[in-house]
Every structure is written in structure tokens, then in C-alpha cells.
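Colleague: Attaching a single structure in C-alpha cells format; questions to follow.
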Amino acid sequence: MNNDNSYRIVTQLRRWIADAAPGAQLPSSRALVDQYRVSPLTVQKALRVLVTQGLIETRPGVGTFVRLVRTSRPADYGWQTAALRSPMTNPQTVSTALRSAPNDVIAFHSGYPCRELLPERLVRSAVGRVGRTETVLSQPPVAGLPELQQWFAQELAASVPANENALSARDVIVLPGTQSGLSSLFRALAGAGQPVLMESPTYWGAILAAHQSGVHIIPVPTGVQGPDPSQLERAFTESGSRVFYSQPNYANPTGAQWSGQRGREVVDVVRRHGAFLIEDDWAHDFGIETEPRPLAAGDDSGHVIYLRSLTKSVSPALRVGAVIARGPARDRILADRAAETMYVSGLLQTATLDVVTQPGWRTHLRGLRQQLQSRRDLLLTSLREHAPQAHVEHVPTGGLNLWAQLPEGTDLDRVVRRCETAGVIVASGAEWFPAEPTAPFIRLNYAGPNPAAFPEGARILGQILDNRRG
């Protein structure tokens, strides 16, 4: 706009506005046209610039006025310190896994699959159909739509041995995503101030939910085979805990999957202590070389509380999951959910059910398995070639992540910062430990956008690790 007529008008009107009182009315557009001998379009262009700069405001049908500029002053929220008192735990910032990132970075940090890995056509069709049904005006039951409850029950029942009691749809409580379900489980099964056993490392969201629920976390070391049953036995005995949170299938962040034998041994320990095992089957739909083996399928006595999420596999916009529990535990969990959310949106439930009952859903999952394998292998190959210092002990047979250990003495925070400066976002492994990290780790997600950039991302990571002491 430099040196044209509108620039001349803006410059002169700015001088006029500087001397005018707030709320003063500017000459009409017609008067400005006559005054500056320009076209109405030029005047409108100049006024739009002044509006954008916050100097004037237009009132349709009334005129254009000098904008009142309010003087800002520092806000004083000091009174809240006394009102809030000390927090139960130190407030945490948003996890790296939830951060959004610009398109020009290599994103290894996200906890969600990228758009290309989602059943977009199925989701769009389902949302369109749901909008034409009575669901848009209906209140669903507190425990969830019966049809969706039945679907979750049948999904788990497919793995139940013939000699076990059958699951009932009544055992299912539909959730607005399993993250909120974790908070309910910790409150309902343990309660504030009580100990909860938790694998270490484990899902950062479970750690956060436990802290916010006021329970006391007791870390139990775990590895590529899962937790040592003798260590779990000791933790139950010493802590008196009655709850153990775990991810037996494709654990976040390690990708570990327990063997059938290890799963039976862990459940036996839980039973001996009259306790609950919270089985978080978050990656049920992300098997690559194996199938998930839910522990809940082999338990009909109510010891295993089963969580199943659809948010990552269907769409992050359809936050729907379920908890399956039997006996009084189910009723206590439902009471907590009713107090927390009353019910889950019927629109979300119906759209999700539509997606997972379409013939194309199984076709999508078969294709997803192949895509995840290709991405996992590409990232592994890239790391071995360009960043061998990032050691991946276990190649996951499912899930979305690689868990890489960095050399001893690595300044992890510095590596993460330097990676981001270079256009690569990685997640510090410290977020996945409920206690002190045992070594410097990073979690690398292979389900993010632009897998063609994986080799370049690994090359940048390798260079930064080479210079980590510099």
C-alpha cells in the first residue's frame, strides 16, 4: 500500500485520530471521497487498514468512530493463592504428546495417529447419517447406548474361553474417552490417599490421572516381558494396595506385550491379594505382528477391570471408550461417572457405533496393520543408520511407538530442546516414569504425519546426540 492514495489517507487520518477524543465520529465515506478526491473503494481500503490497526471501529448504519483504547494494567490474582491452598500435587504442563506442531517440523512426539491412518470416509459418512436421526435430540442412558454396550461386550467376549462365564452388556460403561475413565477407576477402586501400584515406565496420562485423583503411586519396575510377578507380589505386600494399573498389550511407551504365561502369573498375584487389575487395552486396534490378548477375557471373578478406547483408532473427534467391570465395582464406577459427566453424548456414541459396525471397518484395520508395520520398520531402519546412539531394545509387535534409550550421561532436556530448534520434536521419556527415570529415554511415534521425513529426522537426532556433550 506504500505511496498509493489509500496510504495517504491512512497517514492523514492517523494524525486526525491522534488529536481526537475517543468515540469521536469520522467524516462519512462520501465526505472522505470528496475531501481526498479518490474513489469509494480507496476510502474503504484505508478504513479497513485503520480497523485492523485497532484505531477505529465501524457501527453499521451509524458511522465510523475513534476506538476507545483501554489502558491495560497488571492483573492481581494473589488472592487465589490463599483460596486454593496447597495443591495435592505439583501442577503439570500439557504433555508433549498433546502438543500441536506446525506442518514444517518432523513430529515424532504425538500420541495420536495422523489423518492418513484414520477411517476418514467411514467417519464422515457416519456423522452425516447421525445428524438425520433422533439422536440429535435424545438423552442417552447413563451407562451408554445399549447397542454400543453390546458391541464392546461382544468384542471382549470373542476372546473369552468356553469355560468362563459370558460377559453381559450390563457390565459395560461407555466413557467419553478412557482418560476420564482412569480418574473414575482410581477414585472408585482406591480413593484419595490410598496406594495404587503402577508399572514404571507407563502411560503419562495414567500418572496424571492418579495424581489428580489423590492416590499414592507405588512404582513397579517393568520391562519388555512385563512386570516381574515376584516384584509385584512384594509391592502388594509392602503397600497394602488393592489396585494395579497396567498395559499388557503394546504398552505405552515401551511397546511391550506380555506373554500368556506372564499374564496368568500377574492375575494370580492380584487374586491372592484380593485386588483389582486395571487393564488398559488402549492399543487393541494397533496390532502389527500379533493379536492383543486381553487378560479380562480369562477372568470372570471381577478382578480385572478392562478399559478399551476407540478414540485413537476411529477419530480424536469421537472420544468414546468403555470400561468393563463386574459386581459392586461396576456400580461404584458408574456412580462416579454419573457424578462426573452424567452421560456421554449420544451423537458421539451413535457415530462411533456406526463406524465400527460397517463392513469397511475390518478392511480399514487390515490396511492399518500394514501401514503401521511399514512406518515402524522405516523408523527403525532410519535410527540404525543415522542415530545408532538411540538404542531400541524391543521392537514392538503392535502399538504406535518406539522406546529408545540414549547414552548414559546424556542431558535429555538439552537434546529435546536442540532437536526442536532443528525442526524435530521428540518426547522426553521422563514423562512416562511415575518415579525417577532409570536412564535417559525418548519416545518416538511412528504414526505421525509425513513418514518420508523419518530418515531426515533420525539424521538430525543422530547429529545432536554426537554433539550432546559439546
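The values are calculated or read from the model by the stated rules, or taken from the named source; none is laboratory data. Bear in mind the structure is a predicted one, so any value in this text is a computation, not a measurement. Every residue, glycine as well, gets a Cβ built from its backbone with ideal geometry; the counts of neighbours run over all protein chains shown. Please note that ligands, DNA and RNA were not included when accessible areas were found on the heavy atoms of the full protein model with its side chains. Shrake-Rupley method; radii C 1.70, N 1.55, O 1.52, S 1.80 Å.
Colleague: Applying the selection to the range 200-221, what residues are open to solvent by 10 Å² or more (accessible area, probe 1.4 Å) and in a strand (DSSP E or B)?
Modeller: Residues satisfying the conditions are 200, 216, 217, 218, 219, 221.
Colleague: Out of curiosity, is residue 372 within 30 Å of residue 215 (Cβ to Cβ), open to solvent by less than 30 Å² (accessible area, probe 1.4 Å) and of a type outside the set (D, E, K, R)?
Modeller: So residue 372 does not fit the description; no.
Colleague: Identify the residue in the range 144-174 that is among the acidic types (Asp, Glu) and more than 15 Å from residue 310 (Cα to Cα) and, among all such residues, is most open to solvent (accessible area, probe 1.4 Å).
Modeller: Going through the qualifying residues, I end up with 147.
Colleague: Is it fair to say residue 185 is outside any helix (DSSP H, G or I), crowded, with 22+ Cβ neighbours inside 10 Å and not polar (S, T, N, Q)?
Modeller: The answer is no for residue 185.
Colleague: So is residue 141 over 26 Å from residue 228 (Cα atoms), touching a Phe, Trp or Tyr at 6+ places or on another chain (Cβ under 9 Å) and surrounded by fewer than 18 Cβ atoms within 10 Å (Cβ to Cβ) or not?
Modeller: Judged against the criteria, residue 141 is a match.
Colleague: Separate question: Does the range 223-234 contain any residue that is open to solvent by less than 10 Å² (accessible area, probe 1.4 Å), polar (S, T, N, Q) and modelled with pLDDT of 95 or more?
Modeller: Scanning the range 223-234 turns up no residue that is open to solvent by less than 10 Å² (accessible area, probe 1.4 Å), polar (S, T, N, Q) and modelled with pLDDT of 95 or more.
Colleague: Considering (1) under 13 Å from residue 252 (Cα atoms); (2) under 21 Å from the mean Cα position of the chain (by Cα), say which one residue 394 fails and leave the rest.
Modeller: Of everything listed in (1) under 13 Å from residue 252 (Cα atoms); (2) under 21 Å from the mean Cα position of the chain (by Cα), residue 394 misses just condition (2).
Colleague: Shifting gears a bit: Consider residue 370 carefully, then state whether it is of a type in the set (S, T, N, Q) and under 18 Å from residue 140 (Cβ atoms).
Modeller: It is false that residue 370 is of a type in the set (S, T, N, Q) and under 18 Å from residue 140 (Cβ atoms).
Colleague: Let me ask something else about it. Is there any pair linking a residue in the range 9-22 that is under 17 Å from residue 65 (Cβ atoms) and touching a residue at least 40 places away in the same chain (Cβ under 8 Å) to one that is surrounded by 12 or more Cβ atoms within 10 Å (Cβ to Cβ) and not β-branched (Val, Ile, Thr), with Cβ under 6 Å and at least six apart or on different chains, and which?
Modeller: 10/46; 17/55
Colleague: Ok, one more. Between residues in the range 128-142 that are in contact (Cβ under 8 Å) with a residue 12 or more places away in the chain and in a helix (DSSP H, G or I) and residues that are open to solvent by 60 Å² or more (accessible area, probe 1.4 Å) and aromatic (Phe, Trp, Tyr), which pairs lie under 9 Å by C-beta distance while being six or more apart or on different chains?
Modeller: The qualifying pairs do not exist here.
Colleague: Which one of 276, 286 is of a type in the set (A, V, I, L, M, F, W, C) and over 16 Å from residue 113 (Cβ atoms)?
Modeller: 276
Colleague: Let me ask something else about it. Restricting to the range 390-405, what's the tally of residues that are open to solvent by 40 Å² or more (accessible area, probe 1.4 Å) and either under 26 Å from residue 118 (Cβ atoms) or not charged (D, E, K, R) (or both)?
Modeller: 4
Colleague: State the number of residues belonging to the range 227-264 that are in contact (Cβ under 8 Å) with a residue 24 or more places away in the chain, closer than 16 Å to residue 297 by Cβ and assigned to a helix (DSSP H, G or I).
Modeller: Residues meeting the conditions: 4.
Colleague: Here is a further query. Just a yes or no: is a residue in the range 66-87 modelled with pLDDT of 85 or more, open to solvent by 80 Å² or more (accessible area, probe 1.4 Å) and either among the charged types (D, E, K, R) or more than 30 Å from residue 10 (Cα to Cα) (or both)?
Modeller: yes
Colleague: Let me confirm something: among 443, 384, which residue is open to solvent by 50 Å² or more (accessible area, probe 1.4 Å) and either farther than 26 Å from residue 313 by Cβ or not in a loop (DSSP other than H, G, I, E, B) (or both)?
Modeller: 384
Colleague: Could you check residue 54 against (1) part of a loop (DSSP other than H, G, I, E, B); (2) touching a residue at least 40 places away in the same chain (Cβ under 8 Å) and say which number it fails?
Modeller: So the condition that residue 54 fails would be (2).
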